[in-house]
Amino acid sequence: MKVAVTGVGGGVGQAIIRALRRSRLPINIMGLDADPWAVGLYQCDDHAVIPTVSDGEAYAAALEKVVRERNIDVLIPGTDFELQPVADVRERLIEAGCCPIISDPDFVRTSRDKLLSYAALTEVGIPFVWTTSVEEFAKSSSDASFPVIVKPRGGSGSVGAKVFHEPEELATARLDAEDIVQEYLVPKSWGLGKPGPADVLKAGRLRQEDEVSIQAAIGPGGEIIGIFASINELRDGVPIRICPTLDPDTLAFARRVFEVFIGMGHVGPCNIQGRLTDSGLVLYEVNPRFTGITAVRAALGWNECEAALRLFVLKESPESTGRNLRYGTDTVCLRYTTEHFVGSSDIKEPA
């Protein structure tokens, strides 16, 4: 089976590669990235340098060309920025003989936009952190409950995120018109009411502790094949400590959320992130994709990449595939940075 993974220079793309390597299926992996120096290119069986998503049709055409010329069976997007472009050309890729592991374009659009996610989920009673646009917030900031966190409307992790504790502090900040403002979620474990600057920072970095990450494997017919939940600590948006949990309330909450997503047209991998607060678990982000700890979950026995191939390509039953998605809580993961060495002559800049 020939599987192409895009964005292999990033953490998600590399995690997908490592999960695929753990699969019992015979897989040939093709790495795709716009940067010839992307490390993931040289961890695959084959690779190609393609345009960036900002190149529009050139990017889409390059994907289609790779799929046709290399006889690619499956394409998996490995970065957030490629989710919408891949979803938008999903039918073209299918016509070219490929199965793209991507959700409905409208669902991708909603989930990637935190304002749309907030509106869609709160409408059906799913706890999602209070979210508004910078423009709307400016009209009523004096009435808001501080601290608040400002971040890109379509971002992920902690990229571009800043915490503001007072209205005056925010009023003098230079913000992007596309930024959004969210209530700062205080973890229940902190035992605090209103946190101050010293509470939300650790060694000068934004504290990202007690983050609840929940991943679902959802089949082509909208079946929930499995759910993996963990409590993570992150550094600059990257999980460095992953503790699996089988808490029944968390899993029941997750199932309820994913059933809503399925009703909105979602299939394939999906990740939700939130915090356990005094009011319960509250979400702040939705990602319709595999994540940077996909390989961690695979190492713990929950290989969602293999499950996706079995479901979407081999057409195996949800029941048989789901039996292989099992994990326990007797092992945690501590992560660090590692290295990969490449021959200098193997790196070729595009002409």
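With N the number of residues in the stretch 88-202, Rg(Cα) / (2.2 N^0.38 Å) evaluates to 1.32. The protection proxy used here, the mean number of other Cβ atoms lying within 10 Å of each residue, ranks peptides 126-133, 322-329 as follows, highest first: 126-133, 322-329. Taking 0.36 nm per residue of separation and subtracting the current Cα-Cα distance, fully stretching the chain between T52 and E95 would add 13.2 nm. In the chain, a dipole from Cβ-located charges (positive for Lys and Arg, negative for Asp and Glu) runs towards its positive end, and of T6, W37, H340 it is H340 whose Cα lies farthest in that direction.
Rounded to two decimals, what is the ratio between the C-alpha radius of gyration of the chain and 2.2 N^0.38 Å?
1.00
Would you mind computing Rg(Cα) / (2.2 N^0.38 Å) for the stretch 2-102, counting N as its residues? Cα-based Rg divided by the globular estimate yields 0.95. Report, in degrees rounded to the nearest 10, the 0 to 90 angle that the Cα long axis of helix 11-21 makes with the longest principal axis of the chain. Helix 11-21 sits at roughly 40 degrees to that axis.
If you take the Cα centroid of the stretch 277-351 and the Cα centroid of the stretch 45-74, the two points sit 22 Å apart.
Full extension of the chain between L334 and L206 yields a length gain of 44.2 nm, computed as 0.36 nm times the residue separation minus the alpha carbon distance. Between E178 and E166, the simple spin-label model (points 7 angstrom out along Cα→Cβ) gives 3.2 nm.
Of all DSSP beta bridges confined to the chain, the antiparallel ones make up roughly 75%. Extension gain, R256 to A299: 0.36 nm times the residue separation minus the Cα-Cα distance gives 12.8 nm.
Each Lys and Arg Cβ is given +1 and each Asp and Glu Cβ -1; about its Cα centre, the chain then shows a dipole of about 940 debye. Lys-Lys pairs in the chain that are eight or more residues apart or on separate chains and whose Cα atoms lie under 17 Å of each other come to 8. Comparing G78, G154, G191 in a Gaussian network model of the chain where C-alpha atoms under 10 Å apart are linked, the largest mean-square fluctuation is found at G191.
Count Lys and Arg as plus one, Asp and Glu as minus one, and take only other residues whose Cβ is under 11 Å from that of T277; the net charge is then -1.
Along the axis of the charge dipole computed for the chain (Cβ charges of +1 for Lys and Arg, -1 for Asp and Glu, origin at the Cα centre), the listed residues F137, P318, L93 are led at the positive end by P318.
A short reminder: the numbers here are calculations on the coordinates, not readings from a lab. Source: prediction; values computed, not measured. Neighbour counts run over all protein chains shown; Cβ positions are idealised from the backbone, glycine included.
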